[in-house]
Amino acid sequence: MSITLRLYRADDEEAAIALWQRTWQQAYPSIDFAERLAWWRERWRGELVPNAAIVVAEDNGALLGFVTIDKDGYLDQLVVTPEQWGSEIARFLVDEAKRLAPTGIALLVNKDNARAIRFYERNGFVHAGDEVNPTSGSPVLRMAWSGTSSSRGASGSA
Ligand SMILES: CC(C)(COP(=O)(O)OP(=O)(O)OC[C@H]1O[C@@H](n2cnc3c(N)ncnc32)[C@H](O)[C@@H]1OP(=O)(O)O)[C@@H](O)C(=O)NCCC(=O)NCCS
């Protein structure tokens, strides 16, 4: 397998939306994500594609994951195909988000999404407060990565 990272293109839309549905369905089997597809497509087209950098991971033309990161360093979506959970793809994607947002990243993750929380902890994110998802009303955890020190202009000298 040879993973390539590249920027999202318009013709990735069908594959990206199908991957979003399949991955979240695996993470939350009791929720019907097919029912949310029209809402998601609208959000994807209207909010994320116009306002965020989207990096996709692919292998031989197959879309295996993506991350969205906006100009304020807000990470809305990190999705990796369930067949590749436990591989390095999620780290490749989050490292790319860090490269695009070197001054820091913030995100909200469902408090019951233990796998994602563990992943973010392992990748340098800290807990930054409890919140409520304004759309779903479910409890979420704010997590933050504070950025690379060089990008904050730290000289290191006293
Ligand atoms: C979040 C996501 C991108 C992480 O990628 P991944 O390949 O699954 O992550 P990893 O396997 O590298 O890391 C997961 C960690 O959680 C651990 N884990 C797995 N199941 C767990 C559980 N039920 N409870 C606690 N930890 C768990 C794993 O052991 C691993 O930790 P370790 O490396 O210390 O052993 C991927 O799971 C995904 O796409 N999930 C669905 C979408 C999602 O939740 N996105 C993020 C929301 S903001």
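The values are calculated or read from the model by the stated rules, or taken from the named source; none is laboratory data. Just so you know, these numbers come straight off a predicted model, no measurement behind them. No Cβ is skipped: glycine too gets one built from the backbone with ideal geometry, and neighbour counts run over all protein chains shown.
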Contacts under 8 angstrom Cβ, first residue in segment 3-14 being in contact (Cβ under 8 Å) with a residue 40 or more places away in the chain, partner part of a helix (DSSP H, G or I), 6 or more apart
Ile3/Ile89; Ile3/Phe92; Leu5/Phe92; Leu5/Leu93; Leu5/Glu96; Tyr8/Ala16; Tyr8/Val49
Being free of Cβ contacts under 8 Å to residues at least 40 places away in the same chain and in contact with a strand residue (DSSP E or B) (Cβ under 9 Å, 6 or more places away or on another chain) is the filter here, so list the residues in segment 45-72 that pass it.
Glu47, Leu48, Asn51, Ala52, Val67, Thr68, Ile69, Asp70, Lys71, Asp72
What number of residues in segment 106-122 are more than 6 Å from the ligand (Cβ to nearest atom), under 17 Å from Val94 (Cα atoms) and exposed (fewer than 15 other Cβ atoms within 10 Å of the Cβ)?
1
Please work out which residue is farthest from the ligand (Cβ to nearest atom), limiting yourself to segment 23-44 and to residues that are touching a residue at least 12 places away in the same chain (Cβ under 8 Å) and within 26 Å of Lys98 (Cβ to Cβ).
Trp44
Report the residue count in segment 102-127 for those that are over 13 Å from the mean Cα position of the chain (by Cα) and small (Gly, Ala, Ser).
3
I'd like the full set of residues that are of a type outside the set (Val, Ile, Thr) and touching a Phe, Trp or Tyr at 6+ places or on another chain (Cβ under 8 Å), limited to segment 23-51.
Trp24, Gln25, Phe33, Trp40, Trp44
Being assigned to a strand (DSSP E or B) and within 15 Å of the ligand (Cβ to nearest atom), is that true of even one residue in segment 90-105?
yes
Of the residues Arg41, Arg22, which is within 20 Å of Leu93 (Cα to Cα), surrounded by 13 or more Cβ atoms within 10 Å (Cβ to Cβ) and of a type in the set (Lys, Arg)?
Arg22
Residues being of a type outside the set (Gly, Ala, Ser) and either more than 16 Å from the chain's Cα centre (by Cα) or on the phi > 0 side of the Ramachandran plot (or both) - total across segment 51-69
2
From the list Asp32, Asp11, Asp76, exactly one residue is outside any helix (DSSP H, G or I), more than 12 Å from the chain's Cα centre (by Cα) and surrounded by fewer than 18 Cβ atoms within 10 Å (Cβ to Cβ). Which is it?
Asp32
Is it the case that Arg91 is of a type in the set (Lys, Arg), under 14 Å from the mean Cα position of the chain (by Cα) and over 20 Å from Ile3 (Cβ atoms)?
no
Sort through Asp72, Asp76, Asp59 and tell me the only one that's over 27 Å from Ser138 (Cβ atoms) and of a type in the set (Asp, Glu).
Asp59
In segment 123-158, how many residues are modelled with pLDDT of 95 or more, within 16 Å of the ligand (Cβ to nearest atom) and of a type in the set (S, T, N, Q)?
1
